[in-house]
Amino acid sequence: MPSTALKTLLAAALLGLPAALPASLPAAAAEVKIGMITTLTGGGSHLGIDVRDGFELALAEAGRDDVTLIVKDDARKPDLAKQLSDEMIQREGVDILTGIIWSNLAMAVVPPAVRQGVFYLSPNAGPSALAGKLCHENYFNVAWQNNDLHAAMGGHMKDAGLAKPFILAPNYPAGTDALTGFKSTYGEAVAGEVYTKLGQKDYAAEIAQIRASGADSVYFFLPGGMGIAFMKQYAASGVELPVYGPAFSFDEIILKAVGDAALGVKNTSQWAYDLDVPANVAFVAAFRETYGRTPTLYASQGYDTARLILAALDKAHPDDADAFRAALEAAEFESTRGKFRFNSNHHPIQDIHVREVVAGEGGPTNRLVGVAIADRADDFAAECRL
Amino acid sequence: MSAAFLIEQGLNGLQFGVMLFLMAAGLTLIFGVMGVINLAHGALYMVGAFACALVAPEAGFWAGLGAGIVAAAGLGALIELSVIRPLYARDHLDQVLATFALILIVSEGARMVSGGRPLWLDMPAALAGSVTLPGGVPYPVYRLALIGAGLGVGLLLWLLIRQTRLGIRIRAGQADREMIDALGVDIARLYTVVFALGAGLAGLAGAMVGALQSVEVGMGEPVLILAFVIIVIGGIGSIRGAFVAALLVGLTDTAGRIFLPALLALAWPPAEATAIGSALASMSIYVLMAAVLAVRPRGLFPAHG
């Protein structure tokens, strides 16, 4: 940012160095500040904690002392996230922002942040608006566009011959993206479609609707504690329809809390801990070694985001925005997902896999089954003028 | 919409209501007797769930349930002795501030214990699965047990307040604090007991609901907000009011979630109807509160005059 350059010049002048400092400092010499706003408390905290832990692991492995990371908790509150981003941009002077989990928070933070000239790299939330009409040259999504995983499962369930799924998601941007994504490949003929309150913990009323709907399967997108509550209540309800979901409803932490009720469930993910790619094998081993648990997809997204930033920093400093942006677009890093490249709207083109929940040591776990969609690109790139 | 569906949803509303009652009863008791606004009540609910989730894997669910009640009641007594006692003479705002600080402290403590991840707590094997009720309605056993437990506790609370010496003192404390102090009742101890009782009820609710939902930091605050709505509807300080209001809120919330989207679907395409309907449904209990207060500004059963 210009102000950082100005400060460097001032400091140099004060130290009595020749004032004619080269205009572009070598990338490694200038400090880079990264601000992470993520959810560390409340109902969705394990998502933010895993993104942070994955990100910090990549930074620690790189061992660079010119990169500073500031982490702040947004408690899943849009107003707080907005306030934190203003503080980070104006007071801390961060070059790069990252970390937001929830799409409603991303909608509050990302557009004003990128307009102020910082880079935003999303390790999770990928609302359709930011992939389409509101896309921006400084906004990159390293995880997925919200609709992607749901579209993959919609196609998978159609191919599996399921005729009447009941679909369920929370009422916020990622929830509407989820069911829109699902129907984009499955079609409109669903047995029922329900939006619940974000953060809701009791699903008795919805389960009764599922029972009464005559559906032959259930598809639900309920990340974090919501997914745990739904699965436990569903298992006790006596409704025995098969359930499907995106990986967000069946991450390793949710499976641990839900127990055997989730056995046999199929879910779609852009990543799996048993994906046999060298970068991923190394990541999973290092994550287990450092934190003593199996990483979730959120941890892999945090890790990939940090590795992409580090790879781009090797080529350019964010102060040289055009060069840094080009370095990000090139995405020359070893992703834990194997294949990874950016579409024209700065969202990934990547394979979406199907996983199945199986019994493992110490409880149920996900096992890779196959590819649901190869080279999935989101539906909004055409609306983005980049 | 079949009769079985309506019966099932009615039971769901009832179950939600009785669990809310356990929270609201403690809150209204503490406010009625001591005049304290206890924002930390949600934190005590969380403590109950955490204690249960930590003990249950070692000693079984029922021991966990006991641990949940004891831990919440114990912490409640400790809070009353250390934090609330110096604040009785002070303004409500000071109490709000102190108990808000307690939320932050307890949440941070729970985060240190759990690492911020949800804890595992399963319902007991004896209450797992579902039964078919008369009329052909399948219903989870655990939810039936919650309804039974909630109604049972409500009955015990009624007996305690109407039939025992402690109950007489609680009622006297609500009516005239100076007078029962003058009559030689140890008011300080009475306050501690009432606070611990309220906290224990919150802990019981937390442990029972924790097994059904998820045990995590911050689980208490959404319930706390509903509990405040209930004691305002029911009339502050009234257990009977809290009971009626809790059932009303439970049934209204459940009905709103089912019927509003269905109603709007008659006029709009399904996706918009569900979105608008669920947004309206989350407002339904506040509309109920506004309607009750418009007719009865002091709530349904005002405790003081």
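If one takes the accessible area of chain A alone plus chain B alone and subtracts that of the pair, with a 1.4 Å probe, what total in Å², rounded to the nearest 100, results?
2900 Å²
With all protein chains present, how much of the accessible area of the protein assembly as shown (probe radius 1.4 Å) comes from carbon and sulfur, to the nearest whole percent?
62 percent
Using each residue's phi in the range B:88-98, evaluate 6.51 cos²θ - 1.76 cosθ + 1.60 at θ = phi - 60° and report the 3J(HN,Hα) Karplus result to the nearest Hz, with x for Gly and Pro.
Values per residue, Gly and Pro as x: 4, 7, 8, 5, 4, 5, 5, 5, 4, 4, 5 Hz.
State, as an integer percentage, the relative contact order of chain A based on alpha-carbon contacts under 8 Å between residues 6 or more apart.
In percent, rounded to a whole number, it is 18.
Tell me the accessible surface of residue B:92 in square angstrom (1.4 angstrom probe, heavy atoms of protein chains only), to the nearest ten.
Surface open to solvent at residue B:92 totals about 80 Å².
Can you list the residues, at least 5 places off or on another chain, whose amide H is less than 5 Å from the amide H of residue A:373, using H built in the peptide plane?
Amide H neighbours of residue A:373, under 5 Å, 5+ apart: A:352.
Considering amide H positions built from the backbone, and no H for Pro or chain starts, which residues 5 or more places from residue A:39, or on another chain, come under 5 Å of its amide H?
For residue A:39, whose amide H was placed from the backbone, the distant partners under 5 Å are A:48, A:74, A:101.
List every residue whose amide H lies under 5 Å from the amide H of residue A:122, counting only residues 5 or more places away in sequence or on a different chain, with H placed 1.01 Å from N in the peptide plane.
Close amide H contacts, sequence-distant or interchain: A:140, A:141, A:142.
Mind listing the phi-derived Karplus ³J(HN,Hα) values for the range A:372-386, rounded to whole Hz, using 6.51, -1.76 and 1.60 with θ = phi - 60°, and x for any glycine or proline?
8, 9, 8, 6, 5, 10, 6, 8, 10, 4, 5, 7, 9, 9, 10
What average count of beta carbons from other chains do you get within 10 Å of the Cβ of residues in A:339-351?
0
Quick one: check the C-alpha center-to-center distance for the range A:82-109 versus the range B:77-124, whole angstrom.
Each part reduced to its Cα centre gives a spacing of 29 Å.
Under a 10 Å cutoff between Cα atoms, tell me which one of A:116, A:301, A:350 has the largest fluctuation in the Gaussian network model of chain A.
Residue with maximal mean-square fluctuation among A:116, A:301, A:350: A:116.
Rg and Dmax of the range A:37-118 over Cα atoms: what are they, in angstrom?
12.6, 34
HN-Hα J couplings of the range B:141-148 from phi, Karplus 6.51/-1.76/1.60, θ = phi - 60°, integer Hz, Gly and Pro as x?
4, 4, 5, 4, 5, 5, 4, x
How many angstrom lie between the C-alpha centres of the range B:1-61 and the range B:231-305?
One Cα centre to the other: 18 Å.
What is the projected area of the convex hull of the Cα atoms of the range B:9-217, averaged over all directions, in nm²?
Result: 12.8 nm².
Past 29 Å, Cα to Cα, is the threshold; run A:33/A:82; A:197/A:339; A:201/A:266; A:183/A:339; A:82/A:133 against it and keep the listed order.
Check vs 29 Å cut-off fails for A:197/A:339.
How much of the DSSP beta bridge set in chain A is antiparallel, as a percent to the nearest 5?
35 percent
If you count, for each residue, the other Cβ atoms within 10 Å and average over each peptide, how do A:272-282, A:219-229, B:228-238 line up from highest to lowest?
By packing density, highest mean first, the sequence is A:219-229, B:228-238, A:272-282.
Hey, got the average number of other protein chain Cβ atoms within 10 angstrom for residues in A:165-173?
Mean partner-chain Cβ count within 10 Å for A:165-173: 1.
Which residues of the range B:195-223 show a drop of at least 10 Å² in accessible area when all protein chains are present, compared with their chain alone (probe radius 1.4 Å, heavy atoms only, ligands and nucleic acids excluded)?
In the range B:195-223, residues shielded by partner chains: B:212, B:213, B:214, B:216, B:217.
What is the average number of partner chain Cβ atoms found within 10 Å of a Cβ in A:234-241?
Shielding by partners across A:234-241 averages 5.
Run lengths n ≥ 4 of DSSP H only: what is the helix-derived mean residue ellipticity at 222 nm for chain B, with -39500 (n - 2.57) per run over all residues, to the nearest 500?
-25000 deg cm²/dmol
The values are calculated or read from the model by the stated rules, or taken from the named source; none is laboratory data. Remember, predicted model here, so these are calculated numbers, not experimental data. Every residue, glycine among them, receives a Cβ derived from its backbone with ideal geometry; neighbour counts consider all protein chains shown. Accessible surface is based on the protein model in full, side chains and every heavy atom, while ligands, DNA and RNA are left aside. Shrake-Rupley method; radii C 1.70, N 1.55, O 1.52, S 1.80 Å.
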